[in-house]
Amino acid sequence: MTGLRVGVIGTGMIGREHIRRLSTVQAGVSVVAVTDVDAALAARVAAGLGAVTHPDGLDLIASPRVDAVVVCSWGGTHEEYVLAAIAAGKPVFCEKPLATSPQAALRIVAAEARHGGRLVQVGYMRRYDAAYRALKKVLDSGVIGAPLMMHCAHRNAGVPGFYEPEYTITETAVHEIDMVRWMFGSEIVAVRVLRPRVSRHAGELPDPLLLVLELANDVLVDVEISVNVRYGYDIRGEILGEDGTVALGEPGLVAVRRDGRVASPVPGDWRDRFGAAYDVELREWAVSAAGGVPDGPGAWDGYAAAAVSDAAVRALRTGERVTVTLAERPRPGDERARA
């Protein structure tokens with residue numbers, strides 16, 4: 001692969017992380033253009049790259065110097081930029097969410113279908129994590145028999161002050177929502193949210209929560225969501241099969257035995273736990289985008305995750321079991337596809 005010229009929309013923390021990855025972990029890729037609502041920040045980032053700045057994302061996408069686009073801007077802008085990239089026929093990597101509503105995500109699905117082929121990849125990096133890939137390999141081998149249930153935990157040491165109550169679903173649990181669809185190859189058909197006693201660290205947040213996902217293949221998945229556990233960033237997963245179980249390994253790579261105790265370090269945040277997965281994700285996207293067809297989680301996956309997240313938010317508000325109804329999936333090249 002040679003000569004993929006990438007434009008990055010959004011030079012905040014995740015944008016700069018992706019620029020670093022594209023510049024250092026993948027040969028044959030150059031970041032040639034950037035833009036951000038903070039023009040001064042974009043200029044500083046561009047200067048370090050020898051890239052050019054653009055006044056906005058639409059101008060960057062239209063540039064003939066840009067072959068492929070990475071969208072790392074605020075979620076409310078994603079639909080406009082992804083639709084513009086599709087209209088321009090350019091591969092586009094969009095950080096999650098694909099869009100801020102199922103309806104908006106479905107418009108992207110329909111636009112890509114009318115285009116006639118894959119252009120969109122969504123940033124669900126769990127699929128690129130070595131531990132999750134090993135988990136899926138064991139599951140797919142059949143060694144533990146047919147899957148029955150999966151138990152997950154998603155624990156954050158803390159969250160920033162702007163974190164909203166619904167973010168427990170739309171920003172945190174959404175990673176497990178996408179992961180289980182991929183892990184089991186089955187859509188989520190219903191969701192419940194259970195609320196235990198509130199943690200004294202919760203503040204105004206509904207913390208912790210227990211999310212229960214029902215899959216079309218009758219597998220049940222529970223996800224513990226805790227966003228103020230204080231001790232670290234802890235991701236867990238175990239699948240129960242008819243003949244055995246398979247689980248993610250412990251996050252610590254070493255165990256220290258001293259003074260009558262055994263200690264294993266816990267990652268401090270998502271960058272410590274999933275940094276390598278982000279590297280693989282961007283590397284594989286760049287390779288596939290250079291070939292013209294991204295092959296990671298696509299627009300339909302972004303739509304399905306948005307639809308399940310929307311149902312889970314309703315379940316959080318009402319305490320009721322909420323069914324998930326997905327639209328009919330349009331076929332590539334179908335000019336009749338409408339959102």
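What the table below lists for this structure:
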quantity	calculated
Candidate aspartates and glutamates - alpha carbon under 12 Å from K96, same-chain residues fewer than 8 apart omitted	E79, E171, D178, D301
GNM flexibility winner over the chain from P64, P102, P294 (Cα, springs under 10 Å)	P64
Estimated FRET transfer efficiency (R329, E242; beta-carbon r; R0 35 Å; 0.05)	0.70
Neighbour-count order for T325, T245, T11, fewest beta carbons within 10 angstrom listed first	T325, T245, T11
Folded to 0 to 90 degrees: helix 174-184 orientation relative to the chain principal axis, Cα	80
Degrees between helix 13-24 axis and first principal axis of the chain (Cα, 0 to 90, nearest 10)	70
Given 12 as the ceiling on other Cβ atoms within 10 Å, longest exposed-site-free region of the chain for GluC sites (Glu not before Pro) in DSSP loops	1-203
Percent of alpha-carbon pairs separated by more than 35 Å within the chain	24
Derived scalar couplings ³J(HN,Hα) [the stretch 298-303; Karplus, 6.51 cos²θ - 1.76 cosθ + 1.60; whole Hz; x for Gly, Pro]	x, 4, 5, 5, x, 5
Hz values of 3J(HN,Hα) by residue in the stretch 162-168 - Karplus curve (6.51, -1.76, 1.60), Gly and Pro given as x	7, 5, 8, x, 6, 5, 4
Given 16 as the ceiling on other Cβ atoms within 10 Å, longest exposed-site-free region of the chain for trypsin sites (Lys or Arg not before Pro) in DSSP loops	66-196
At R0 = 22 Å, FRET efficiency that the Cβ-Cβ distance of R257 and A130 yields, to 0.05	0.30
Among beta bridges that DSSP assigns inside the chain, antiparallel share in %, nearest 5	50
Value of Rg to Rh for the stretch 1-80 (Rh from inverse mean 1/r over Cα pairs, i.e. Kirkwood)	0.93
Of Y278, T172, A110, farthest towards positive along the dipole that unit charges on Lys, Arg, Asp, Glu beta carbons give the chain	Y278
Loop-resident sites, the stretch 63-117, for chymotrypsin sites (Phe, Trp or Tyr not before Pro), counting at most 13 other Cβ within 10 Å (DSSP)	W74
The stretch 130-273: C-alpha pair distances exceeding 19 Å, %	56
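Bear in mind these aren't lab numbers, they're just calculated from the coordinates by the rules spelled out. This is a predicted model, so every value here is computed, not measured. We place every Cβ from the backbone using ideal geometry, glycine too, and count neighbours over all the protein chains shown.
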